[in-house]
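Below is one structure, written out as structure tokens; comments come after it.
The values are calculated or read from the model by the stated rules, or taken from the named source; none is laboratory data. Since the model is a prediction, treat every value here as computed from it, not as a measurement. Please note: Cβ atoms are built from the backbone with ideal geometry, for glycine as well, and neighbour counts cover all protein chains shown. We work out accessible area using only protein heavy atoms, side chains counted, and drop any ligands, DNA or RNA first. Shrake-Rupley method; radii C 1.70, N 1.55, O 1.52, S 1.80 Å.
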Amino acid sequence: MRLDQVFKSKPYKVIRSGSSTIGNSIIALFLEDCISGMRANLRNSSIDVVVTSPPYNIGINYGAHKDNLPRGKYLDWMDEVAAQVKRVLKNRGSFFLNMGSTPRDRWIAWDVARILANHFVLQNVIHWVKSIAIAKSDAGNYPNIISDIAVGHFKPIVSKRFLNDCHEYIFHFTKNGAVELDKLAVGVPYQDKSNIGRWKSAKEDKRDRGNMWFIPYDTINSRSERPHPATFPVKLPEMCIKLHGIRNGLLVLDPFLGIGSTALACLNLGVSFVGFDIDKDYIDEAIRRLLMESRRKMMRKSLAS
Ligand SMILES: C[S@@+](CC[C@H](N)C(=O)[O-])C[C@H]1O[C@@H](n2cnc3c(N)ncnc32)[C@H](O)[C@@H]1O
């Protein structure tokens, strides 16, 4: 892919992620406000998939961004972001928006979703489950579940009123609500194998996973391993991109790239990426993570050959 065919100005950093079975891909990072950055650099209908998590306006301590705008101003800003995303997204593109909330502001995720509905159709609502407890007695007769389980990580909420928050939303917006997805790319094996062949659609040992996605954070030992206050795991954008469907020349956008989780997902999948953030420290950390992963990939490749 030639950069000058995609972007109008020079990115802060470009990483060529090499050739893969689906072609040559690039990762382009812009140290720039996403609205002016998208306006200046991205052409109409040039993006296949957007995966992003904006600031939730809940007072998180970011480096360069102030996360406490008056509600109306924040929603107007999200409206402007959505208008730009709509302009750059292809007609058959997917826009995955991750939003969470807090006990003090339960509506924020849905308020933003309502604003985006001015521009898009809400095709799917996915629940990103960070932690879950399953009692053996509720699971029934599954041979692999041998006792009660409680898995995943969450930030505990110390309160007599509020439960720990163990999930967030992934709103899947499209332009017309009719974008066909590659559901089996994130499918799960049938528990009851006699379903294979029984249903017309069941040609292999995989079924639609549904909209509850258990994606735990990696365990870390210190903050310095993840120097950003609000990331999602790399597996989250990976699953969104696979669900949309991977094909030659796919271009993914994250307008709020943070420390580059969506960019890393693209590197792993061998697809191209463009992202924006206003914080130099976060982008530099994204570059560090990407170069490390790209070195790991090269080492794995040379060991295999
Ligand atoms: C929720 S975080 C995204 C984290 C990312 N998903 C990750 O896993 O690293 C939101 C990011 O938006 C960035 N941001 C805030 N205002 C911005 C703007 N106007 N343009 C681009 N990025 C912005 C913040 O610096 C922050 O890194």
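Listed by chain and number, the lysines whose alpha-carbon sits under 24 Å from that of K297, ignoring those within fewer than 8 places in the same chain, are K13, K235, K242. Shown here are the Rg and Dmax of the Cα trace of region 29-137, at 15.8, 57 Å. Solvent-accessible surface (1.4 Å probe) assigned to K73 amounts to roughly 130 Å². Note that region 115-128 has calculated 3J(HN,Hα) couplings of 5, 5, 5, 5, 10, 9, 9, 7, 7, 8, 10, 10, 9, 7 Hz, one per residue in order, obtained from phi through the Karplus relation 6.51 cos²θ - 1.76 cosθ + 1.60 (θ = phi - 60°); glycine and proline are x.
Over region 176-304, what number does the Rg to Rh ratio reach, with both radii from the alpha-carbon atoms and Rh per Kirkwood?
Details: Rg = 17.6 Å, Rh = 16.9 Å.
Computed over Cα atoms, the ratio is 1.04.
The 3J(HN,Hα) values that the Karplus relation (6.51, -1.76, 1.60; θ = phi - 60°) gives for region 218-231 are, in residue order, 5, 6, 10, 9, 8, 3, 5, 6, 9, x, 7, x, 8, 9 Hz. Gly and Pro appear as x.
Shown are Y190, Y12, whose ranking by accessible area with a 1.4 Å probe and every protein chain present, most to least, is Y12, Y190. Model label points for A178 and N144, set 7 angstrom from Cα along the Cα-to-Cβ axis, are 3.7 nm apart. Per-residue surface analysis assigns R16 an accessible area of about 150 Å², computed on protein heavy atoms at 1.4 Å probe radius.
Within a straight-line Cα-Cα reach of under 15 Å, K66 can be paired with the following aspartates and glutamates, leaving aside sequence neighbours fewer than 8 residues apart in one chain: D33, D277, D279. With both labels modelled 7 Å from their Cα along Cα-to-Cβ, the L69 to I132 distance reads 3.4 nm.
In deg cm²/dmol and to the nearest 500, what is the mean residue ellipticity at 222 nm of the chain if only DSSP H runs of at least 4 residues count, each as -39500 (n - 2.57), divided by the residue total? Before the final figure, lay out each step's value.
Details: 8 runs with 87 residues, N = 305.
For the chain, the value works out to -8500 deg cm²/dmol.
At a 1.4 Å probe radius, carbon and sulfur cover how many percent of the accessible area of the chain? Of all accessible area on the chain, carbon and sulfur atoms account for 52 percent.
May I have the convex hull volume per residue, in Å³, for the Cα set of the chain? Walk me through the numbers before you get to the answer.
Numbers: hull volume 51.2 nm³, N = 305.
So the per-residue hull volume is 168 Å³.
Starting from the Cα gyration tensor of region 147-207, take the square roots of the eigenvalues, sort them a ≥ b ≥ c, and report rounded, prolate or oblate (rounded when a/c is under 1.5, otherwise prolate if a/b is larger than b/c, else oblate). Oblate is the answer for region 147-207, as a/c is 1.5 or above yet b/c matches or exceeds a/b. Could I have the simple spin-label model distance between R92 and R114, label points 7 Å from Cα toward Cβ, reported in nm to one decimal? For R92 paired with R114, the spin-label model returns 3.4 nm.
Accessible area per residue for the chain in Å², computed with a 1.4 Å probe and the full protein assembly in place, what is it? Kindly include the intermediate steps, with their values, before the conclusion.
Working: 16210 Å² over 305 residues.
I get 53 Å² per residue for the chain.
Taking amide hydrogens as placed 1.01 Å from N in the peptide plane, the amide H of Y217 sits under 5 Å from those of H153, each at least 5 positions away in sequence or on another chain.
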